[in-house]
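Each remark here refers to the structure printed beneath this line.
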Amino acid sequence: MQRVFSGIQPSGVPTLGNYLGAIRNWVALQNDHDCVFCVVDMHAITSWQEPAALRTQTREMAATLLACGIDPVRSVLFVQSAVSAHARLAWIFNCVARLGWLNRMTQFKDKAGKDREAASAGLYVYPNLMAADIHAYHATRVPVGDDQRQHLELANDIGEKFNHDYQVEFFPRIEPLILGPAARVMSLRDGTKKMSKSDPSDQSRINLTDSADTIAQKIRRAKTDPLPLPATTEELAARPEARNLVGIYAALAGIDPASVLTEFAGSGFGTFKDRLAGLTIEALAPIAADTTHWLADPTQLDTLLRAGAERARALADPIVREVEQIVGFGG
């Protein structure tokens with residue numbers, strides 16, 4: 001059985017975009033893969049995090065993953081900083097990776113912006129930590145979106161250079177796990193921007209713990225245009241807000257956008273939004289209830305995460321100890 005690794009930053013309660021784009025796929029992977037899932041709090045501090053808020057958001061993310069269907073028995077679920085193997089291997093990879101490789105990472109350029117001199121060193125080298133996250137478990141499959149493909153290529157470059165430099169066949173090649181067309185969910189206020197937790201407007205996103213009334217209200221207020229829904233997906237190309245809502249409906253209903261348009265072509269957005277709100281509420285209400293249940297008992301949640309960290313250490317520590325022996329650490 002192939003081992004899968006994937007991680008998610010603790011940005012608090014995830015949005016509908018996180019769910020449709022990643023978390024729902026993680027749940028499905030548990031059926032036929034050996035899955036290791038991680039809340040990556042070490043990645044989070046590449047930009048400043050208020051400590052108490054980071055702890056709260058880490059719990060919120062873990063609780064939501066459980067509520068979405070991540071099974072802590074079938075999968076390993078833990079918090080990254082609880083497993084020292086990640087940091088130990090990341091330092092070794094800092095010494096294997098080349099500056100030229102990191103200079104080509106487009107995400108650093110995007111996140112650092114114009115004032116790159118003020119960015120943290122952690123933001124610059126975090127692709128090496130991402131590589132360590134995967135290689136510490138000898139994972140061979142990673143579900144990726146388009147924005148992570150470059151980092152996966154880097155992880156393979158690091159593993160191959162380590163193998164070459166130390167004349168070993170230790171790190172396996174990692175393959176991207178393509179799970180079909182990804183549901184790319186955009187802002188409810190601007191169909192050209194991704195739905196994001198960091199958007200200052202809460203009306204731009206649907207949080208997985210939003211109440212039914214809040215979801216219905218946000219969808220009713222979602223930006224649209226004055227035209228009715230078209231008959232073909234080609235006609236949505238220049239209509240980003242309409243395309244976004246149709247895509248959300250299709251993802252939740254398990255159908256393609258063309259089938260959505262077959263049903264609603266010629267309709268105004270009033271009727272469509274009512275149906276979309278009902279579909280969204282039906283999908284998210286159980287998740288919201290289970291998330292509330294987990295967050296109401298932080299002791300139980302912390303106990304579960306500690307158990308997950310123990311299982312993760314049992315997998316990663318022997319691998320990383322062998323790496324340390326290969327490079328010449330210890331006796």
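Residue-level analysis places Q167 among those that are out of contact with any Phe, Trp or Tyr (no Cβ under 9 Å at 6 or more places or on another chain), outside the structural domain of I215 (by TED's automatic domain parsing) and at positive phi. For the range 23-52, taking the residues that are in a helix (DSSP H, G or I) and buried (at least 19 other Cβ atoms within 10 Å of the Cβ), the one that is nearest to the chain's Cα centre (by Cα) is identified as I23. Hey, among the residues in the range 150-182 that are touching a Lys or Arg at 6+ places or on another chain (Cβ under 8 Å) and among the hydrophobic types (A, V, I, L, M, F, W, C), which one's farthest from Q217 (Cα to Cα)? Among those that are touching a Lys or Arg at 6+ places or on another chain (Cβ under 8 Å) and among the hydrophobic types (A, V, I, L, M, F, W, C), it is I174. Only one of the listed residues (L208, L154) is more than 30 Å from D225 (Cα to Cα) and either in contact (Cβ under 8 Å) with a residue 24 or more places away in the chain or surrounded by 17 or more Cβ atoms within 10 Å (Cβ to Cβ) (or both). That residue is L154.
Within the range 85-111, the set of residues being without any contact (Cβ under 8 Å) to a residue 12 or more places away in the chain and under 23 Å from the mean Cα position of the chain (by Cα) comprises K109, D110. Entry remark, the range 105-136: residues being assigned to a loop (DSSP other than H, G, I, E, B) and surrounded by 13 or more Cβ atoms within 10 Å (Cβ to Cβ) number 4 in total.
When S198 is tested against (1) hydroxyl-bearing (S, T, Y); (2) farther than 30 Å from P318 by Cβ; (3) modelled with pLDDT of 95 or more, just one condition goes unmet, and that condition is (3). Residues in the range 281-296: is at least one among the hydrophobic types (A, V, I, L, M, F, W, C), surrounded by 15 or more Cβ atoms within 10 Å (Cβ to Cβ) and farther than 30 Å from S259 by Cβ? Yes, the range 281-296 contains at least one residue that is among the hydrophobic types (A, V, I, L, M, F, W, C), surrounded by 15 or more Cβ atoms within 10 Å (Cβ to Cβ) and farther than 30 Å from S259 by Cβ.
The values are calculated or read from the model by the stated rules, or taken from the named source; none is laboratory data. Fair warning: this is a prediction, and the values are worked out from it, not measured in the lab. Because the Cβ atoms are built from the backbone with ideal geometry, glycine has one as well, and the counts that use them run over all protein chains shown.
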